[in-house]
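Participant: Below is the structure I would like to discuss, written out as C-alpha cells.
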Amino acid sequence: MHTRLLPSVVRPIGASLKLTENCQAKCVTCDYWKTRWEDGLSTERAVETINRLSDFGIRYLRFTGGEPLLRRDLFEILRRADTSRFKRISLQTNGLLLKKLHKEINESPINKVSVSIDGLEATNDAIRGTKEYFRLAFEGLQLLQGKSIQVAATLNRRSSEELQSLVDLVTGYGYEFAYNLLDNHLYFFRNGDVESLWPKEDDIERIGQVLEHKLKRPAYEIKYVKEYFRRSVAAEPPCAIGFLEVYVASNGDVMSGCYVLAPVGNLLKQDLGEIILSKAYKDRCVSMTRRECPGCTCGVLTSLRIQNVGQGVRVLTKGILSRRRAAGESLRSAGPTQ
C-alpha cells in the first residue's frame, strides 16, 4: 500500500468519549457488567476533555460506555462544557434510563440518541439479560423531543427470523435502523457468549434478505456480512477509522479509533494535541490501514464503502476527506454497542 498518499497529518473530526465503563444491563455478549469500574475522569477533567476535543477541531462527539447515563454528573458536565462548536452530540445508551432522564436529555445539547436493541421484546431481553429492557427503551424513546433517534441491532442467530419485523417496528416510529456485527476482539467483549448467537446458514440468508430488500444496502456490504458470518472473508478492507475518529476511555486513555489496540497516550498525562499529532499516533493509523492488527468490526462498513468507491489509497484519502466533510456518518453502523 502506498502510504505516501494518505493524509500527512491526522486530524480526526469525530470522538467517542467514555465517562464510565459501568453498565446495569447484563448482556450475554458483554463483560462490562461483570466488573465495578472506577471512573478516572472527574467532573472537572471531563469538562476540560470536552473543551479540548472542541478546540482540537472535533465536531462530532459521542458519549458511549458502559452506560453513559450512569454518570450522575453527565448533564452538569454538558452544562459547564463549551458544546457550541459541535455539530452533533450523540448519546449511545442501552435505553434503560431514558424514561427516567428524558427531561434532562431533552434540555441538553444532545441531538442524537442511539439505543441498542437486538430483537423483539422476548428475544432482546434474553440477549440483554435484563427484564423489561425492550419496553423501557421504547417508552423512553417516545418521550424524547427534537432528537434524531437511531436503534442499533447486533445481527445474531436468535433474532434473525424477526429481524424484518424489528426493522418495520423501528422505521414505523420514524427512527433510523442501524446494525453491528458480533465480535469478541474488543476488551469488553472478550468473555462474552458470541458463539451461541452466531448465525447459521439459514440465518445468514435471512439476514442478507433484510439487508437487501428492507434496508437497501449495497451488494458489496451484503456480501461482506455473509462472508463474515461464514468466516470466509478473504481480505478485510483497509481500516480508515484511525484517520476519522479518536476514542477516549474513562481512565483518560487515548486510542486511534480502535478498542483492540493499545492506547497511544493518556489525557491525564499528556495534551490531546500532543498525542494525536505524534508520530506514534500517525504510525498507528497507517498500520491500521494495512490491517496490522487482530481485527474487529468497528467502522468496517465505513472502510468497505471507501474501498468500493474505487481502487487504491488515493480513493481512501479522498474518502476520508469526504467522510470528514459529510458529518462523520458511520454508514448506518453504530459501532460497538453496550
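The values are calculated or read from the model by the stated rules, or taken from the named source; none is laboratory data. Being a predicted model, the structure only gives us computed values, none of them experimental. A quick note on method: Cβ atoms are made from the backbone with ideal geometry, for glycine too, and the neighbour counts reach across all protein chains shown. The protein model used for the area step is the full one, side chains on, heavy atoms only, and it has no ligands, DNA or RNA in it. Shrake-Rupley method; radii C 1.70, N 1.55, O 1.52, S 1.80 Å.
Here is a yes/no grid of residues against (1) among the hydroxyl-bearing types (Ser, Thr, Tyr); (2) out of contact with any Leu (no Cβ under 6 Å at 6 or more places or on another chain):
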position: 81; (1), (2): no, yes
position: 96; (1), (2): no, no
position: 112; (1), (2): no, yes
position: 116; (1), (2): yes, yes
position: 123; (1), (2): yes, yes
position: 138; (1), (2): no, yes
position: 167; (1), (2): no, yes
position: 170; (1), (2): no, yes
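Participant: Can you tell me which residue in the range 208-228 is surrounded by the most Cβ atoms within 10 Å (Cβ to Cβ), limited to those that are among the aliphatic types (A, V, I, L, M) and part of a helix (DSSP H, G or I)? Give the steps one after another, and end with the answer.
Facilitator: Initially, the range 208-228 is screened for residues among the aliphatic types (A, V, I, L, M), giving 210-211, 215, 219, 222, 225.
Those still in the list that are part of a helix (DSSP H, G or I) too: 210-211, 219, 222, 225.
Details: 210: 20, 211: 21, 219: 10, 222: 17, 225: 24.
Here the residue is 225.
Participant: Now, a different point. I'd like to verify a number: residues in the range 1-39 that are assigned to a loop (DSSP other than H, G, I, E, B), surrounded by 21 or more Cβ atoms within 10 Å (Cβ to Cβ), among the hydroxyl-bearing types (Ser, Thr, Tyr) and modelled with pLDDT under 90, how many?
Facilitator: 1
For (1) closer than 30 Å to residue 55 by Cα; (2) out of contact with any Gly (no Cβ under 9 Å at 6 or more places or on another chain); (3) modelled with pLDDT under 95, each residue gets a yes or a no:
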| position | (1), (2), (3) |
| --- | --- |
| 89 | yes, yes, no |
| 93 | yes, no, no |
| 110 | yes, yes, no |
| 142 | no, yes, no |
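Participant: Look at the range 87-115 and say how many of its residues are in a loop (DSSP other than H, G, I, E, B) and either open to solvent by 40 Å² or more (accessible area, probe 1.4 Å) or among the hydroxyl-bearing types (Ser, Thr, Tyr) (or both).
Facilitator: Within the range 87-115, the subset in a loop (DSSP other than H, G, I, E, B) is 87, 94-97, 108-111.
Subsequent filtering for residues that are either open to solvent by 40 Å² or more (accessible area, probe 1.4 Å) or among the hydroxyl-bearing types (Ser, Thr, Tyr) (or both) retains 87, 108-109, 111.
Residues meeting the conditions: 4.
Participant: In addition: Among the residues of the range 254-266 satisfying the criterion of being over 17 Å from the mean Cα position of the chain (by Cα) and within 19 Å of residue 48 (Cα to Cα), which is surrounded by the fewest Cβ atoms within 10 Å (Cβ to Cβ)?
Facilitator: Here is the first cut: in the range 254-266, the ones over 17 Å from the mean Cα position of the chain (by Cα) are 262-266.
From the residues that got through so far, the ones that are within 19 Å of residue 48 (Cα to Cα) too are 265-266.
Working: 265: 20, 266: 15.
So, considering only residues that are over 17 Å from the mean Cα position of the chain (by Cα) and within 19 Å of residue 48 (Cα to Cα), the one surrounded by the fewest Cβ atoms within 10 Å (Cβ to Cβ) is 266.
Participant: I would also like to ask the following. Quick one: what pairs do we get from the range 35-49, first residue more than 12 Å from residue 18 (Cα to Cα), second open to solvent by 60 Å² or more (accessible area, probe 1.4 Å), C-beta under 7 Å, 6+ apart or different chains?
Facilitator: From residues that are more than 12 Å from residue 18 (Cα to Cα), the pairs are 43/76; 47/80.
Participant: While we're on this one: Name the one entry in 193, 168, 183, 203 that is of a type outside the set (A, V, I, L, M), in a helix (DSSP H, G or I) and under 29 Å from residue 140 (Cβ atoms). Step through it out loud before you land on a result.
Facilitator: Working: 193 fails: in a helix (DSSP H, G or I); 183 fails: in a helix (DSSP H, G or I); 203 fails: under 29 Å from residue 140 (Cβ atoms).
Residue meeting the stated conditions: 168.
Participant: Can residue 221 be described as of a type outside the set (Phe, Trp, Tyr) and over 20 Å from the mean Cα position of the chain (by Cα)?
Facilitator: no
Participant: While we're here: Given the conditions (1) open to solvent by 50 Å² or more (accessible area, probe 1.4 Å); (2) touching a residue at least 24 places away in the same chain (Cβ under 8 Å), which single one is not true for residue 194?
Facilitator: Every condition holds for residue 194 apart from (1).
Participant: Could you look through the range 116-152, keep only residues that are in a helix (DSSP H, G or I), open to solvent by 50 Å² or more (accessible area, probe 1.4 Å) and without any contact (Cβ under 8 Å) to a residue 24 or more places away in the chain, and pick out the one that is nearest to residue 215 (Cα to Cα)?
Facilitator: 121
Participant: Suppose the filter is surrounded by fewer than 16 Cβ atoms within 10 Å (Cβ to Cβ), among the basic types (Lys, Arg), more than 23 Å from residue 299 (Cα to Cα) and at pLDDT 90 or above; does residue 72 pass it?
Facilitator: Details: surrounded by fewer than 16 Cβ atoms within 10 Å (Cβ to Cβ): yes; among the basic types (Lys, Arg): yes; more than 23 Å from residue 299 (Cα to Cα): yes; at pLDDT 90 or above: yes.
So residue 72 passes the test.
Conditions (1) surrounded by fewer than 16 Cβ atoms within 10 Å (Cβ to Cβ); (2) at pLDDT 90 or above; (3) of a type in the set (Phe, Trp, Tyr), marked per residue:
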{"site": "236", "(1), (2), (3)": "no, no, no"}
{"site": "244", "(1), (2), (3)": "no, yes, no"}
{"site": "281", "(1), (2), (3)": "no, yes, yes"}
{"site": "285", "(1), (2), (3)": "no, yes, no"}
{"site": "291", "(1), (2), (3)": "yes, no, no"}
{"site": "311", "(1), (2), (3)": "yes, no, no"}
{"site": "314", "(1), (2), (3)": "yes, no, no"}
{"site": "330", "(1), (2), (3)": "no, no, no"}
{"site": "333", "(1), (2), (3)": "no, no, no"}
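Participant: For residues that are within 20 Å of the chain's Cα centre (by Cα) and surrounded by fewer than 19 Cβ atoms within 10 Å (Cβ to Cβ), tally how many sit in the range 40-56.
Facilitator: Selection size over the range 40-56: 1.
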